[in-house]
Amino acid sequence: MALLLTSHVSASMVGGANSRFVLNAAGIDSMLVPTVLLGRHPGWGEPGGGPVEQEMFQSVLSGIADNGMLALTDVVLTGYFADVGQIYDSGAVIDVVRNSPRHHNGLHAYAKKPLVIVDPIMGDAPDGLYVSNAIAAGIIDQLVSRADLITPNVFELGRITRRTLTDTHSMLRAARSLDCPVLVSSVPCGGQIGVMYIDKDEAWLVQHDRFPDVPKGTGDLLTAAFTAAIINGKPAREALEESVSATASVIARAREWKSPELPIVAGQQELRDPHLKLSAVSLD
């Protein structure tokens, strides 16, 4: 069972809708607690909707807790936040999940130790932050500090570590300065683009050709696909290869079908058997 603390966007395949489908397709049940309720991605224009008030956010979490579901939670996945209070509430619920007596009701995948994955959605190059400084600081202080894995892009890794990142070696050093493994996306690789997985013992890079005009939500897809692979017992290198291959394959289908959104549902076969098979190379 996965607890998703992120956005809900009705007409765009981003945020919680994206993550939830990818996890469900991998056989992982999920609970979505939205941080915002939007009609469409803001990249299309005025999105409609707005942030979920903290009192409502807390109330949804309370309902989940009262139903005994936190003791069945195998993974907590955090994403986009619109309010600093939501971040503190998310940190608190992570602590509850970790400290809850573990139960197994026969219906769900069961992990002896829940996994906390933080997608520190704060900004990207070249535009910088697209959340407030307070939200960015809260994500770092309250969530990155609790994470078993973080999944930043290069800009976000630099923000978290307060380092200037110029090449894969500087990214490797920055990632290893943290207390948890890191999955880094949007890594420039000459004319290509890559994703790195780094922990204290190993470091891998998968790269592929850049796609122009990529739909929004690729980071959500990558994080969810990597999470699914790890929860289903894949080692880090294999999880990296599978998740990047799936993401690149869905993007390729979007371009083939001229889809302005990621065709995750129509192209769900790519999640199970990507037509692009990408391999990782060691960075150590």
Of the residues in the range 61-88, how many are crowded, with 19+ Cβ neighbours inside 10 Å and free of Cβ contacts under 8 Å to residues at least 40 places away in the same chain?
1
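Under 26 Å from L222 (Cβ atoms), more than 15 Å from the chain's Cα centre (by Cα) and either modelled with pLDDT of 95 or more or hydrophobic (A, V, I, L, M, F, W, C) (or both): which single residue out of L37, L77, L32, L4 fits that description? Don't jump to the end; show me each part of the working.
Numbers: L77 fails: more than 15 Å from the chain's Cα centre (by Cα); L32 fails: more than 15 Å from the chain's Cα centre (by Cα); L4 fails: more than 15 Å from the chain's Cα centre (by Cα).
After ruling out the rest, the residue left standing is L37.
Quick grid of which residues meet (1) more than 14 Å from the chain's Cα centre (by Cα); (2) within 25 Å of T35 (Cα to Cα):
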{"residue": "D124", "(1), (2)": "yes, yes"}
{"residue": "G138", "(1), (2)": "yes, yes"}
{"residue": "L143", "(1), (2)": "no, yes"}
{"residue": "R159", "(1), (2)": "yes, yes"}
{"residue": "L165", "(1), (2)": "yes, no"}
{"residue": "T168", "(1), (2)": "yes, no"}
{"residue": "D179", "(1), (2)": "yes, no"}
{"residue": "G191", "(1), (2)": "yes, no"}
{"residue": "D201", "(1), (2)": "yes, no"}
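Going by what's in this entry, would L222 be described as under 20 Å from V118 (Cβ atoms) and out of contact with any Pro (no Cβ under 6 Å at 6 or more places or on another chain)?
Numbers: under 20 Å from V118 (Cβ atoms): yes; out of contact with any Pro (no Cβ under 6 Å at 6 or more places or on another chain): yes.
The answer is yes for L222.
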Of the residues that sit in the range 2-44 and are surrounded by 20 or more Cβ atoms within 10 Å (Cβ to Cβ) and of a type in the set (S, T, N, Q), which one is nearest to S62 (Cα to Cα)?
T35
Of the criteria (1) under 27 Å from R272 (Cβ atoms); (2) in a strand (DSSP E or B); (3) of a type outside the set (A, V, I, L, M, F, W, C), which one T35 fails:
(1)
Pair list, Cβ < 7 Å and 6+ apart or interchain, from the range 167-188 residues that are in contact (Cβ under 8 Å) with a residue 40 or more places away in the chain to residues that are among the polar types (S, T, N, Q) and assigned to a loop (DSSP other than H, G, I, E, B):
L183/T151
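Can you tell which of D179, D148, D167, D201 is within 15 Å of T223 (Cα to Cα), surrounded by fewer than 22 Cβ atoms within 10 Å (Cβ to Cβ) and not hydrophobic (A, V, I, L, M, F, W, C)?
Values: D179 fails: within 15 Å of T223 (Cα to Cα); D167 fails: within 15 Å of T223 (Cα to Cα); D201 fails: within 15 Å of T223 (Cα to Cα).
Going through D179, D148, D167, D201 in turn, just one is within 15 Å of T223 (Cα to Cα), surrounded by fewer than 22 Cβ atoms within 10 Å (Cβ to Cβ) and not hydrophobic (A, V, I, L, M, F, W, C): D148.
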Pick out, from the range 86-199, the strands (runs of 3 or more DSSP E) lying fully within it that include 1 or more residues that are polar (S, T, N, Q), out of contact with any Cys (no Cβ under 6 Å at 6 or more places or on another chain) and farther than 19 Å from N232 by Cα.
182-189, 192-198
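The values are calculated or read from the model by the stated rules, or taken from the named source; none is laboratory data. Small disclaimer: the values here were computed from a predicted structure and weren't measured. Every residue, glycine as well, gets a Cβ built from its backbone with ideal geometry; the counts of neighbours run over all protein chains shown.
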